[in-house]
Amino acid sequence: GENVEQHPSTLSVQEGDSAVIKCTYSDSASNYFPWYKQELGKGPQLIIDIRSNVGEKKDQRIAVTLNKTAKHFSLHITETQPEDSAVYFCAASLSGGSYIPTFGRGTSLIVHP
Amino acid sequence: DSGVTQTPKHLITATGQRVTLRCSPRSGDLSVYWYQQSLDQGLQFLIQYYNGEERAKGNILERFSAQQFPDLHSELNLSSLELGDSALYFCASSVLGQGDGYTFGSGTRLTVV
């Protein structure tokens, strides 16, 4: 089955800095890669996703890049703010089937004011 | 509010007992997924239902069972509870259950003492 590795497990940055979280996947058939943000006491919330037919997608301060050849994808957050502090999860799945997403172990992002 | 409702938010029970967790999916979503989140295991997929039928099964113990009712709400039953079952249990829903982005509820925190 699919295996998703996520690094780092903890990331501490100063407000205004950029943050990058990286994930690798093992199943070359995976074609849908969502990212979730989980704030304390809440469920994960989908913040951005990318499909295998594109290499990069942006939404304001958040961007995701995908390298299908290397089987890795990354989340980039620019101009970080304290409210970006949360646990971020990447996932990989095969969209269109009953394939269940496999999640990474999560990255705890701490943004210091 | 994500639109996915989980009750109760917190549950404390003794070993050997049985509990039922309830989930109402977002309006219009036909598929419900149950996940267990613990510190050392991350987000573990348990089971998926689509329009009342079981569609996929993950690492769900035999002591656990679930069902989805005609009104599309779902219940996760956990029996013969052990200390190791203490975790956050999340329900997520999606429109078609085809592996695309989920909407998660805020979870039920189960503590077994």
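Since every read-out is calculated from the coordinates, none of them should be taken as a lab result. Please read these numbers as outputs of a predicted model, since none were measured by experiment. When we count neighbours, we look across all protein chains shown, and the Cβ atoms used for this are built from the backbone with ideal geometry, even at glycine.
Take chain A, compute every pairwise Cα distance, and split them into 10 Å bins from 0; I just need the percent in each bin.
15, 49, 29, 6, 0
Report the one residue of A:Ser93, A:Ile77, A:Gly16 whose Cα lies farthest in the direction of the positive end of the charge dipole of the protein assembly as shown (charges on C-beta: Lys and Arg +1, Asp and Glu -1; origin at the Cα centre).
With unit charges placed on the Cβ atoms, the residue in question is A:Ser93.
Give A:Lys37/A:Lys58; A:Lys22/A:Lys68; A:Lys37/B:Lys57; A:Lys37/A:Lys57; B:Lys9/B:Lys57 a once-over and call out the pairs whose C-alpha atoms are over 19 Å from each other.
A:Lys37/B:Lys57; B:Lys9/B:Lys57
Counting DSSP beta bridges with both partners in chain A, what percentage is antiparallel, nearest 5? Kindly include the intermediate steps, with their values, before the conclusion.
Numbers: 36 of 41 bridges.
The antiparallel fraction comes to roughly 90 percent.
Please report how far the C-alpha centroid of region B:69-113 lies from that of region A:44-75, rounded to the nearest whole angstrom.
About 27 Å separates the Cα centre of region B:69-113 from the one of region A:44-75.
With +1 assigned to the C-beta of every Lys and Arg and -1 to the C-beta of every Asp and Glu, and no other charges, what is the dipole magnitude of region B:29-91 about the Cα centre in debye, to the nearest 20?
With Lys and Arg at +1 and Asp and Glu at -1, about 100 debye.
Determine by what factor the alpha-carbon radius of gyration of the protein assembly as shown differs from 2.2 N^0.38 Å, reporting the quotient.
Scaled against compact globular proteins, the figure is 1.01.
Around A:Gly16, what is the net charge, scoring Lys/Arg as +1 and Asp/Glu as -1 over all other residues with Cβ under 12 Å from its Cβ? It would help to have the intermediate numbers written out before the result.
Numbers: positive: A:Arg61; negative: A:Glu15, A:Asp17, A:Glu79, A:Asp84.
It works out to a net charge of -3.
If you place +1 on the Cβ of every Lys and Arg and -1 on the Cβ of every Asp and Glu, how big does the dipole about the Cα centre of the protein assembly as shown come out, in debye to the nearest 20? Can you show the working numbers first?
Numbers: 18 positive and 23 negative charges, 32 e Å.
In debye, rounded to 20, the protein assembly as shown gives about 160.
Quick one: which residues, 5+ away or cross-chain, put their amide H under 5 Å from the amide H of B:Gly107? H built at 1.01 Å from N.
Sorted by chain and number, the residues that satisfy this are B:Gln6, B:Cys91.
Compute, for chain B, the length of the dipole vector about the Cα centre, with Cβ point charges of +1 (Lys, Arg) and -1 (Asp, Glu) only. Units Debye, rounded to 20.
Values: 8 positive and 11 negative charges, 38 e Å.
Once rounded to the nearest 20, the dipole reads 180 debye.
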